[in-house]
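Following: one structure in structure tokens, then a few remarks.
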């Protein structure tokens, strides 16, 4: 039976560090503050917003919500972001995505000040990661995966790691972070041929297709370490990862559960980057 790599313990460790940093900032007269930009009243966005605000309150970070109509023009949204860029009380800016189709996504990403870009949307912050500079902001999900591996003392140097995702949000930045740890990285995707052969030969497999229970026991061996980043609903309407946990857990060496794995760490990463932004102000 696999060891379950639970995110709760990872998040608690990150929060302990944050609490110490926040106390030190308060002594300097600084209060980390997150500006949340939400368009419309999508129930999923509102639920996520409530979760973030609750986590902010619990850790000592202030939050301010800037709700705008779903039909806002790109120019109006950029104007709001520029106001937040100049607001000295706002440490970090989080714009809920995906944005409506009529919004120029690239223009919005470039409008956010790189110094307040806690969700790592700005091209300059992504560029730093590809240059091997990991001292600044990073996309929260890949960083959560890395922090999980680090917390559970999983060695990466010289190891074969397969990342099944090629997006700029997860797969590509995660590959750069893994390379920085001297792992040998293979990026795969939905059109990769003989995927099961590739994953069985890996030491660590990061699954992030967003397809519930896609990966069963044929993709892994008894030495596989599986980091499951996928989150979707299975055929019964239950939250599930990309790996079929019931089938895979008895076989593999280690695995992150869904829910309760990498996703549990992601919000803590976001808030830690708000604290970092406040430190740098």
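The values are calculated or read from the model by the stated rules, or taken from the named source; none is laboratory data. For clarity, every value in this text was computed on a predicted model and none was experimentally measured. Neighbour counts run over all protein chains shown; Cβ positions are idealised from the backbone, glycine included.
Do we find a residue being in a helix (DSSP H, G or I) and free of Cβ contacts under 8 Å to residues at least 40 places away in the same chain anywhere in the range 155-169? Checked the range 155-169: no residue is in a helix (DSSP H, G or I) and free of Cβ contacts under 8 Å to residues at least 40 places away in the same chain.
Look at the range 233-252 and say how many of its residues are free of Cβ contacts under 8 Å to residues at least 24 places away in the same chain and in contact with a strand residue (DSSP E or B) (Cβ under 6 Å, 6 or more places away or on another chain). Residues that pass the stated criteria total 1. Taking the listed residues 237, 261, the one that is out of contact with any helix residue (DSSP H, G or I) (no Cβ under 6 Å at 6 or more places or on another chain) and assigned to a loop (DSSP other than H, G, I, E, B) is 237, with no other qualifying. Would you confirm whether or not the range 220-230 contains a residue that is modelled with pLDDT under 95, touching a strand residue (DSSP E or B) at 6+ places or on another chain (Cβ under 8 Å) and surrounded by 19 or more Cβ atoms within 10 Å (Cβ to Cβ)? Looking through the range 220-230, at least one residue is modelled with pLDDT under 95, touching a strand residue (DSSP E or B) at 6+ places or on another chain (Cβ under 8 Å) and surrounded by 19 or more Cβ atoms within 10 Å (Cβ to Cβ).
Which of the residues spanning the range 108-126 are in contact with a strand residue (DSSP E or B) (Cβ under 6 Å, 6 or more places away or on another chain) and part of a helix (DSSP H, G or I)?
Matches in the range 108-126: 116 only.
If only residues of the range 188-216 that are in a helix (DSSP H, G or I) and in contact with a helix residue (DSSP H, G or I) (Cβ under 6 Å, 6 or more places away or on another chain) are counted, the one that is surrounded by the fewest Cβ atoms within 10 Å (Cβ to Cβ) is 196.
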